[in-house]
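Student: This structure is in structure tokens; I'll ask about it shortly.
What follows is calculated from the coordinates using simple rules that are stated; it is not laboratory data. What you see is a predicted model; the values in this text were computed from it and never measured. FYI the Cβ positions are ideal-geometry reconstructions off the backbone, even for glycines, and counts take in every protein chain you see.
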Amino acid sequence: MSKLKMAILDLDMTLINTIHRFYTVYNRVRRSYRLCEIGFKEFIENFREDKLTEILNPLSKAEKERFWKEFRKMYSNFISPYDRPYCGAKETLRYLKGIGLTVIVSTGREAEPEKILKELRHFKLAPYVDEVYTIAQQDPSEEDLLFSRKGILALILRKHQVGGDETIFVADYWVDMEAGRKAGVITVGVLTGLKSKGILKKHGARYVIKGIWELPNLLSKCFSLK
């Protein structure tokens, strides 16, 4: 087994619980398309079942794609008062740095990395992060699935000259698991994004844990760290 050298971590619903921000932005973009807002209970049910695109009818397929691209540009415009790092997020980042890994935060938000760094500073997570990458830095042709960051993952590996078998990618969404599998990295799914273990496994998760707080235990049990 290769020694781990790098950890790439998703931001929303992996390191930080931004479900209320997601709800707010989703409804703001709905209004811009003259669609009615939905209540939080309906939102959570559709978020869990991955049907938030489905309920954008009568928008066309092209309009739905534009909807999500507008959504991800708007996501960093504010911080919700309900946003919080998950329990153990800071401790996990500190652990990763302590065992000598390069720690990267990658996000599907379409924003400048400095905006993400500002948010990480706000939540006191920035001291444990080496670099930030966003989907805005990815060649659009690499996005074979909406929100896929396979191009960003490949870019990070090339830049740091690290192999996929030396890199873990921790995220909450099935598209992330697909991207990680295609990029050849070790994928770790977290259940805090409300997607099932079965769905994450089906799309390429090698490991699934309850949340970021379980990552140190997983690494100490299953990986070479020396």
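Student: At what distance in nm do the modelled label points of residue 158 and residue 139 sit from each other, each positioned 7 Å from its Cα along Cα→Cβ?
Tutor: 0.6
Student: Another question, then. Above 30 Å lies some portion of the pair distances; for the chain, what is it as a whole percent of all C-alpha pairs? Provide the component values of the computation, followed by the final result.
Tutor: Details: 4860 of 25425 pairs.
Every Cα pair in the chain considered, those over 30 Å come to 19 percent.
Student: Let me ask you something else. For a test of the definition: using alpha carbon positions, the gyration tensor, and the 1.5 limit on a/c, classify the stretch 93-226 as rounded, prolate or oblate. It would help to have the intermediate numbers written out before the result.
Tutor: Working: a/c = 1.31, a/b = 1.04, b/c = 1.26.
Here the stretch 93-226 falls in the rounded category.
Student: Also, quick follow-up: In nanometres, what is the gap between the two model label sites at residue 218 and residue 40, each 7 Å from Cα along Cα-to-Cβ?
Tutor: 2.8
Student: Next question, about the same structure. Just to be sure I follow the rule: in the stretch 41-93, considering lysines 8 or more places apart or on different chains, how many pairs have Cα atoms under 21 Å apart? Please list the in-between numbers first.
Tutor: On the way: 41/51; 51/61; 51/64; 51/69; 51/73; 61/69; 61/73; 64/73.
Eligible lysine pairs with Cα atoms under 21 Å apart amount to 8.
Student: As an exercise, take the mean of 1/r over every pair of distinct alpha carbons in the stretch 33-135, invert it, and state the Kirkwood radius in angstroms.
Tutor: Details: mean 1/r = 0.0623 Å⁻¹.
Over the stretch 33-135, the inverse of the mean reciprocal pair distance is 16.0 Å.
Student: What is the dipole size for the chain, taken about its Cα centre, with +1 at each Lys and Arg Cβ and -1 at each Asp and Glu Cβ, in debye to the nearest 20?
Tutor: Working: 39 positive and 29 negative charges, 76 e Å.
Taking the Cα centre of the chain as origin, the dipole is about 360 debye.
Student: Considering only DSSP beta bridges where both residues belong to the chain, give the percentage that are antiparallel (nearest 5).
Tutor: Details: 2 of 24 bridges.
Taking every DSSP beta bridge within the chain, about 10 percent pair in antiparallel fashion.
Student: I would also like to ask the following. Using only Cα atoms, tell me the angle between helix 61-74 and the longest principal axis of the chain; keep it within 0 to 90° and round to the nearest 10.
Tutor: For 61-74 against the chain, the angle is about 60 degrees.
Student: Something else now. Projected area of the stretch 19-77, taken from the Cα convex hull and averaged over every viewing direction, in nm²? Show your work: numbers first, answer last.
Tutor: Details: hull surface 14.8 nm².
Taking a quarter of the hull surface, the average projection is 3.7 nm².
Student: Let me ask something else. Looking at the stretch 78-145, which trypsin sites (Lys or Arg not before Pro) are in a loop (DSSP not H, G, I, E or B) and have at most 16 other Cβ atoms within 10 Å? Before the final figure, lay out the partial values.
Tutor: Working: sites: 90, 94, 97, 109, 115, 118, 121, 124; in loops: 109, 124.
Those that pass, being in a loop and sparsely packed, are 124.
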